[in-house]
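The values are calculated or read from the model by the stated rules, or taken from the named source; none is laboratory data. Computed from a predicted structure; not experimentally measured. All Cβ positions, glycine included, derive from the backbone under ideal geometry; neighbour counts span all protein chains shown. The accessibility values were calculated without ligands, DNA or RNA, using every heavy atom of the protein model including side chains. Shrake-Rupley method; radii C 1.70, N 1.55, O 1.52, S 1.80 Å.
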Amino acid sequence: MTPLETTTRIFRIDRREIAFLRFILEAYDGIAVLTTLEREAGTVRLAIAPGCEGEVAAVLNDLSPTIRMEPRETPAGAHGSVERSFAQPKRTR
């Protein structure tokens, strides 16, 4: 794994809990970014920062009594992928 690689995990959660989970992860300053893939189905993607996998796992474990999270299969090529926006921010003039 190179220093810029992120770990991607896909979950299905109750759609009413998406905002709560996003706010919790944001409170941990950069350990993961939550993206909603399918709002109605409650499908979300976590892009986990390098080296933060254990911390994210601990947070998700602590939340498990409150939020039911069903892991989904991560699409091929998504694990460890780096989006251009993470590697090199676009410059605007």
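Considering region 1-14 alone, what residues qualify as being at pLDDT below 95 and open to solvent by 50 Å² or more (accessible area, probe 1.4 Å)?
Answer for region 1-14, where residues must be at pLDDT below 95 and open to solvent by 50 Å² or more (accessible area, probe 1.4 Å): MET1, THR2, PRO3, LEU4.
Which residue out of ARG39, ARG12 is basic (Lys, Arg) and either within 18 Å of LEU63 (Cα to Cα) or free of Cβ contacts under 8 Å to residues at least 24 places away in the same chain (or both)?
It is ARG12.
From GLU38, GLU26, grab the single residue that is out of contact with any Asp or Glu (no Cβ under 9 Å at 6 or more places or on another chain), open to solvent by 50 Å² or more (accessible area, probe 1.4 Å) and under 18 Å from GLU73 (Cα atoms).
Of the residues listed, the single one that is out of contact with any Asp or Glu (no Cβ under 9 Å at 6 or more places or on another chain), open to solvent by 50 Å² or more (accessible area, probe 1.4 Å) and under 18 Å from GLU73 (Cα atoms) is GLU38.
Here are some residues: VAL56, VAL44. Which one is of a type in the set (Val, Ile, Thr), crowded, with 18+ Cβ neighbours inside 10 Å and either in a strand (DSSP E or B) or modelled with pLDDT under 95 (or both)?
VAL44
Taking region 1-23 on its own, how many of its residues are part of a helix (DSSP H, G or I) and either within 11 Å of the chain's Cα centre (by Cα) or within 15 Å of THR74 (Cα to Cα) (or both)?
Residues that pass the stated criteria total 2.
Any idea which of (1) farther than 22 Å from GLU38 by Cα; (2) exposed (fewer than 13 other Cβ atoms within 10 Å of the Cβ); (3) at pLDDT 75 or above is the one ALA87 doesn't satisfy?
(3)
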